[in-house]
Amino acid sequence: MAELSDQLMAFTVLAYLAAMVCYAAEYAFGNRSHIGRAATRPARRLVGAGGPGEVEVPPADDVVPPAPPRDRGALLGLIGVGLTWLAFALHLGTVVTRGVAAHRMPWGNMYEFILAVTLVGSAVWLGVITRKPAVRHLGLFTALALVVLLGAAGLIAYTPVSPLVPALNSYWYIVHVSTIILASGILLIGAVPAAMFLIRAGYDQGKRNFPYTLGAKVPPAELLERLTFRLHAFAFPLFTFGALIAGPLWAEASWGRYWAWDPKEVWAFISWVVYAAYLHARATPSVKRTTATWIALLGFVTMLMNLFGVNLFFAGLHSYANAGGM
């Protein structure tokens with residue numbers, strides 16, 4: 001099963017790569033507003049040379065409005081969505097077979113944690129694209145993020161299947177880690193519209209240098225900002241429970257103290273403060289939406305620091321990156 005999981009992992013990355021290529025083709029060659037285009041009726045016209053003799057004539061019912069220009073990239077975008085579903089199925093198989101091979105929940109080390117977070121992120125993206133097809137152009141950047149993280153998991157964090165370290169043998173292992181995984185996966189996808197909102201806002205202000213040129217074909221800034229807020233508002237309570245409630249309770253049960261100022265605990269608290277600052281800034285009318293969104297992206301940077309920097313470069317009670325624990 002462990003070998004099967006590794007093979008499925010390779011196919012998962014390839015499927016996400018193929019989806020990314022299709023999304024990129026749609027982004028490059030598709031029409032700017034191919035989704036949700038409304039048909040327009042011919043305008044009413046006035047008959048007569050002016051004056052009181054004018055008569056308003058409604059358009060004839062048999063007049064066919066001009067067809068919108070054909071979007072040659074839309075088909076590739078739909079193929080990209082289909083490939084994302086395939087990648088998600090392979091991704092799910094990777095995680096499940098890893099768990100079967102290890103005889104435990106498959107998030108006991110850094111490699112497995114990244115697999116689980118990206119799986120949640122993929123599921124969230126598929127939910128977003130199903131509910132809001134107008135944001136499909138974000139698929140390029142979402143697939144890119146998933147490929148980069150999975151590549152980092154395979155190249156940097158890969159760990160052979162092994163039992164859990166004794167400190168993780170607790171029911172809190174499921175409660176705490178699963179909640180953090182859910183929150184992290186949602187925040188991962190929330191970072192994509194956040195970054196593209198800043199790019200689109202700059203593009204709308206007339207900026208034409210890179211990366212603002214990427215904003216030409218993404219959804220409107222208002223839609224991106226609203227999606228960013230909703231994802232973060234949904235993830236924040238989960239992250240609060242996982243990091244500041246379930247985590248300390250597990251620490252007290254395992255180590256006899258609720259808080260030890262361990263590097264991972266400190267960075268989790270820093271992430272929580274930054275995301276709380278984002279939600280506060282977002283709810284404050286005097287704070288610009290661009291400023292609030294920059295805070296949200298800073299929060300995601302702190303999450304990456306907690307995932308990679310702390311696990312790889314710091315020693316502490318949570319130093320399980322390569323030893324059967326998260």
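The values are calculated or read from the model by the stated rules, or taken from the named source; none is laboratory data. Note that the structure is predicted; figures quoted are calculated from it, not measured. Counting neighbours? That spans all protein chains shown, and the Cβs are built from the backbone with ideal geometry, glycine included. Remember, those area values only see protein heavy atoms, side chains included, never the ligands or the DNA or RNA. Shrake-Rupley method; radii C 1.70, N 1.55, O 1.52, S 1.80 Å.
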Only one of Leu92, Leu119, Leu126, Leu149 is in contact with a Leu (Cβ under 7 Å, 6 or more places away or on another chain), without any contact (Cβ under 8 Å) to a residue 60 or more places away in the chain, assigned to a helix (DSSP H, G or I) and of a type in the set (A, V, I, L, M, F, W, C); which?
Leu92
Hey, does the range 154-172 have a residue that's in a helix (DSSP H, G or I), of a type outside the set (A, V, I, L, M, F, W, C), under 28 Å from Thr228 (Cβ atoms) and in contact (Cβ under 8 Å) with a residue 12 or more places away in the chain?
no
Could you go through the range 230-247 and let me know if any residue there is under 22 Å from Val117 (Cβ atoms) and charged (D, E, K, R).
yes
Of the conditions (1) assigned to a helix (DSSP H, G or I); (2) without any contact (Cβ under 8 Å) to a residue 24 or more places away in the chain; (3) more than 24 Å from Val128 (Cα to Cα), Ser286 fails just one. Which one is it?
(1)
Being open to solvent by less than 10 Å² (accessible area, probe 1.4 Å), in contact with a Pro (Cβ under 9 Å, 6 or more places away or on another chain) and at pLDDT 90 or above: is that true of Ala194 here?
no
Just the residues that are open to solvent by less than 40 Å² (accessible area, probe 1.4 Å) and more than 21 Å from Phe313 (Cβ to Cβ), please, taken from the range 257-276.
Tyr275, Ala276
Name the residues in the range 220-245 that are polar (S, T, N, Q) and open to solvent by 20 Å² or more (accessible area, probe 1.4 Å), would you?
Thr240
Taking the range 119-154 and keeping residues of a type in the set (Lys, Arg) and open to solvent by 30 Å² or more (accessible area, probe 1.4 Å) leaves Arg131, Lys132
Could you tell me whether any residue of the range 155-173 is of a type in the set (S, T, N, Q), open to solvent by 30 Å² or more (accessible area, probe 1.4 Å), closer than 22 Å to Gly30 by Cβ and more than 13 Å from the chain's Cα centre (by Cα)?
no
Could you check how many residues of the range 197-219 are under 23 Å from Arg230 (Cα atoms) and surrounded by fewer than 18 Cβ atoms within 10 Å (Cβ to Cβ)?
1
